[in-house]
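Beneath this line is the structure, given in structure tokens, with notes to follow.
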């Protein structure tokens, strides 16, 4: 089973958005997937931001039952691929879990090995959330082959550790 964990700060905007969009993208795959999300500073039990739910709803994705959760050591160990939204999140996880650095990457690295943060739309208008969703969709689509490969496990880090 392929597995990917999306990580952001509070687990109410970008990582649940990426989780929902990746589940939609992987639905047509013949392989079985485990796709979840968590936050580095997440407080457990909060619903996704209203605008996160809205941009996902327009794509046929319902995450209304989802609630935030903090990342744990078990999650780091259980997933083959950990995708974060920002450089500081990647560095924090790599510092906290040095034995797992080979599976912790920025989402942007999945396409063209770019190293750029996915902007947090929290507190912004719906148009900001839509922009973030489009960016995530683009990375997931163009980086799907790489994500699929890394999420299968048994790999060594094939991307730069910038």
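Once you order the gyration tensor axes a ≥ b ≥ c over the Cα atoms, which shape class does segment 27-109 get: rounded for a/c under 1.5, otherwise prolate or oblate by comparing a/b with b/c?
Verdict is prolate for segment 27-109.
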Estimated 222 nm signal from helices in the chain, with DSSP H stretches of n ≥ 4 weighted -39500 (n - 2.57), rounded to 500: -11000 deg cm²/dmol
Note the listed values [x] 8.5; [y] 14.3; [z] 12.0, then indicate which one is mean projected area of the Cα convex hull in nm² calculated from this particular structure. [x]
With a ≥ b ≥ c the root eigenvalues of the C-alpha gyration tensor of segment 1-62, is it rounded (a/c under 1.5), prolate (a/b larger than b/c) or oblate? oblate
Computed over the chain: longest principal axis from alpha-carbon atoms vs helix 14-26 long axis, angle to nearest 10 degrees, is 80
If I take R0 = 41 Å and measure r between the Cβ atoms of residue 95 and residue 64 in this structure, what FRET efficiency does the formula 1/(1 + (r/R0)^6) give, to the nearest 0.05? 0.75
What's the center-to-center distance, using Cα atoms, between segment 82-124 and segment 5-42 in Å? 13
Tilt relative to the chain, helix 87-96 - C-alpha long axis, 0 to 90 degrees, to 10: 50
Förster radius 30 Å - calculated FRET efficiency between residue 23 and residue 127, Cβ distance, rounded to 0.05: 0.80
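Here, each number is a calculation from the coordinates, and none is a lab measurement. Just so it is clear, the structure is predicted and the values come from calculations on it, not from any experiment. Neighbour counts are summed over all protein chains in view; Cβ atoms, including those assigned to glycine, are modelled from backbone coordinates with ideal geometry.
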